[in-house]
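> Here you go, one structure.
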Amino acid sequence: MLKKNLILLSIVVILAILPIIFIKDAEFGGADGEAEEAITEINSSYEPWFNSIWEPPSGEIESLLFVLQAAIGAGFIGYFVGYMRGRAKKSKVNS
């Protein structure tokens, strides 16, 4: 089991590092910027329906908030899956 997990972890690390190594001078931007460019290309007179309430002071802070949001979501999902698995094991033992 440990060997299988280490192999899977190695594959994930390799998949995360390969694009950074082999794709030089690439912008790894988000989908928001791409969508804005596509909309402007289709309809140059498009006006957004609303503006952001708060704009983060820098791209680093925006990235930090995104990572924090992802970490909280992953923690919640991990807790829920672990809780349900433990509950299932407990009910198996009691039956």
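> Calculate the radius of gyration of the Cα atoms of the chain to one decimal place, then report Dmax, the largest Cα-Cα distance, as a whole number, both in Å.
Both quantities, over Cα of the chain: 21.2, 66 Å.
> Out of the chymotrypsin sites (Phe, Trp or Tyr not before Pro) in the range 1-83, which ones are loop residues according to DSSP with at most 12 other C-beta atoms within 10 Å?
Those that pass, being in a loop and sparsely packed, are F28, Y46, W49, F50, W54.
> When we measure straight from the Cα of K92, which lysines land under 29 angstrom away, once same-chain ones fewer than 8 places off are left out?
In chain and number order, the partners are K3, K4.
> Would you mind getting me the FRET efficiency between D25 and F66? Use the beta-carbon distance for r and R0 = 22 Å, nearest 0.05.
For D25 and F66, the calculated efficiency is 0.40.
> Using the Cα centre as the reference, give the magnitude of the dipole from point charges on the C-beta atoms of the chain (Lys, Arg: +1; Asp, Glu: -1; all else neutral), rounded to the nearest 20 debye.
Rounded to the nearest 20 debye, it is 1700 debye.
> Would you kindly derive the ³J(HN,Hα) couplings of the range 53-62 from the backbone phi angles with the Karplus curve 6.51 cos²θ - 1.76 cosθ + 1.60 (θ = phi - 60°), listing them in order in whole Hz, with x for Gly and Pro?
Each residue of the range 53-62 in turn: 6, 9, 9, x, x, 8, x, 5, 5, 4 Hz.
> Roll a 1.4 Å probe over the protein chains and send me the accessible area per residue for the range 5-75 in Å².
96
> I've got another one for you. Could you look at the chain and say what percent of its accessible area is carbon and sulfur, using a 1.4 Å probe and all protein chains?
Roughly 66 percent of what the probe reaches on the chain is carbon or sulfur.
The values are calculated or read from the model by the stated rules, or taken from the named source; none is laboratory data. For clarity, every value in this text was computed on a predicted model and none was experimentally measured. Methodologically, a virtual Cβ is constructed for each residue, glycine included, from the backbone with ideal geometry; neighbour enumeration extends over all protein chains shown. To get the accessible areas, we keep the full protein, side chains included, count just its heavy atoms, and leave off ligands, DNA and RNA. Shrake-Rupley method; radii C 1.70, N 1.55, O 1.52, S 1.80 Å.
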